[in-house]
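One structure is given here, and the rest of the page talks about it.
Every number here is computed from the coordinates shown, using simple stated rules; none is lab data. If you're wondering where the values come from, they're calculated on a predicted model, not measured in any experiment. Every residue, glycine as well, gets a Cβ built from its backbone with ideal geometry; the counts of neighbours run over all protein chains shown.
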């Protein structure tokens, strides 16, 4: 009997070894990707990150010959989406399309953040950036940044700005603007961009930073005045508009970015493959056109460049948050 058992065991071992050798059940030996990829987003459908993710997913699906499924997981200022990705196997089949604030603002804003952007993720690429536009209600007696500063300094605390939540670019960007210009402009909080834009068009609030499409739409209707764009150079969408730096605030820039990351410990070969596919995507004229139409600048950084931006922006916004005392209790 013992010889029979030994023979069966040997046969089973030989079968398993043979199957593994020929890749029948060894998932690690399968070429990547061999099944659908999930792309987790921190915001609901309809925003800039959703557009970027779906555009990228279409391009990756075509080039990698596997479905890339976009999943919207809003909540906790990106915490739900980030947590889901960090708990996923580090195999390249669950990726995080992050908004910059998820990575470079949340660690300073939330005392007990459940993830560490530098420990729990591997950056792949910054896909695109968007530089915000400083707009003023048509009822505000200022047609330029300098006139706005003169008005604000003559009336400290009398002007107000629309913020769409603590830690957003609309909030921290204006706080940085105030610090750099030594002005006192009161914050008015909103739950989203739409109600904030409605109120600035009605003159309920005076100024705000917003994205190019909404700024251009309201300016075309005469509801707001575009004062400046917070980019390093003038925008091709609105070449007549000066930058904030040109308008008299040297060194001021305000732009959000959107980046692709994988869970920590994802194999380098998988990260390299994804980075290569992203480079192909951002070079595609149709992909670039789809994004630039919405005021987005297609970027396509390397992993190292994205990591450097993450470190610099974490320091920048950490200092602004410390200066304003903004914290979200958990």
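General remarks:
- Judged by the ratio a/c of the largest to the smallest principal axis of the C-alpha gyration tensor, region 243-292 counts as oblate, that ratio being 1.5 or greater while a/b is no larger than b/c.
- Entry note, region 125-248: relative contact order of 37 percent, from Cα contacts under 8 Å with a spacing of 6+ residues.
- The chain - percent relative contact order, Cα under 8 Å, separation 6 or more: 25
- Only helices enter the 222 nm calculation for the chain: every DSSP H run of n ≥ 4 contributes -39,500 (n - 2.57), and dividing by all residues gives -13000 deg cm²/dmol, rounded to 500.
- Of the residues 149, 241, the one with the fewest other Cβ atoms within 10 Å heads the list, and the complete ranking is 149, 241.
- Separation between Cα centres of region 273-290 and region 144-168, rounded to whole Å: 39
- With the highest mean first, a sort of the peptides 248-259, 136-147 on other beta-carbon atoms found within 10 angstrom per residue produces 248-259, 136-147.
- Region 196-236: C-alpha gyration tensor shape, a/c 1.5 cut-off, then a/b vs b/c: prolate
- Contour minus Cα-Cα distance for residue 118 and residue 141 (0.36 nm per residue): 3.8 nm
- Beta bridges per DSSP, both residues in the chain: antiparallel share near 65 percent.
- Rounded to 5, percent antiparallel among DSSP beta bridges of region 134-229: 60
- Rounded if a/c under 1.5, otherwise prolate or oblate - region 252-330, Cα gyration tensor axes: oblate
- Sequence of 199, 100 once ranked by neighbouring C-beta atoms within 10 Å, starting from the fewest: 199, 100
- Calculated SAXS-style log₁₀ I(q)/I(0) at q = 0.14, 0.18, 0.22, 0.24 Å⁻¹ - region 134-229, Debye, Cα scatterers: -0.42, -0.73, -1.13, -1.37
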